Amino acid sequence: MTVSAIRRICAAVFCVAALAGAPVAAWAEDDPTLFTFQGGVFDAIQDDNTAGAFAFEVRGGERFLIFKPFGGMMGTSDGAFHAYGGILTDIYFGRRIVLTFGFAPGVYADGNGKPLGYWLEFRSSGELAYRFDDRSRIGLMVNHISNADIGDKNPGTEILMLSYSTPLSKIFGD
């Protein structure tokens, strides 16, 4: 499967989830604001400039229609940096399994890492997570970063990450 095909599949799944309205069960309504830690591999699929990747996100607990706000920062072992903010949606499969899709524009600097062709890069993401009783989650995440051809070059990249989300109140108190 080509990278282009993967991108199209991810975009189609995100659109279907958004259009379906992702019904929200009562146990999903009480999800708090989450602080998310991520670690993984930058440029994992194309393997041109593979590097270690780490990220931190804050995911809002308040919903507008089916969307929640989120923002974060990602860095790589090659000195690349991406700061972003956007929307996400959670799709619940029972109490425990959560599929999350997100989209966020952001500012990118390549450092000594992979040049992505422009300072403005768009991040699309998908995460499959297990949700614990305290609302924390552990999951696997795939991110795609691309400038949508607004730059002279648009190589794009994929990042595979392990994620752990915990209620912000557990870190900073109520």
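The values are calculated or read from the model by the stated rules, or taken from the named source; none is laboratory data. Note that the coordinates shown come from a computational prediction; the quantities given were computed from them, not determined experimentally. Neighbour counts are summed over all protein chains in view; Cβ atoms, including those assigned to glycine, are modelled from backbone coordinates with ideal geometry.
Let's see how each residue does on (1) part of a strand (DSSP E or B); (2) farther than 25 Å from Asp134 by Cβ:
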position	(1), (2)
Val41	yes, yes
Ala44	no, yes
Phe70	yes, no
Met74	yes, yes
Asp78	no, yes
Gly86	yes, yes
Contact list, first residue from segment 135-147 and under 13 Å from Glu158 (Cβ atoms), second anywhere and among the aromatic types (Phe, Trp, Tyr), beta-carbon distance below 6 Å, six or more apart or interchain, is Ser146/Phe122
Considering segment 127-156 alone, what residues qualify as being within 15 Å of Phe42 (Cα to Cα) and at pLDDT 95 or above?
Leu140, Met141, Val142, Asn143, His144, Ile145, Ser146
Take the residues in segment 56-72 that are buried (at least 16 other Cβ atoms within 10 Å of the Cβ) and small (Gly, Ala, Ser), then tell me which one is modelled with the highest pLDDT.
Gly72
Working only within segment 151-174, note down all residues that are loosely packed, with under 13 Cβ neighbours inside 10 Å and free of Cβ contacts under 8 Å to residues at least 60 places away in the same chain.
Asp152, Lys153, Phe172, Gly173, Asp174
Tally time: how many residues in segment 105-132 are more than 30 Å from Ile91 (Cβ to Cβ) and basic (Lys, Arg)?
1
Of all residues in segment 119-138, how many are under 8 Å from Val98 (Cβ atoms) and touching a Phe, Trp or Tyr at 6+ places or on another chain (Cβ under 7 Å)?
1
Look at segment 73-85 and say how many of its residues are surrounded by fewer than 18 Cβ atoms within 10 Å (Cβ to Cβ), more than 19 Å from Ile171 (Cα to Cα) and hydrophobic (A, V, I, L, M, F, W, C).
2
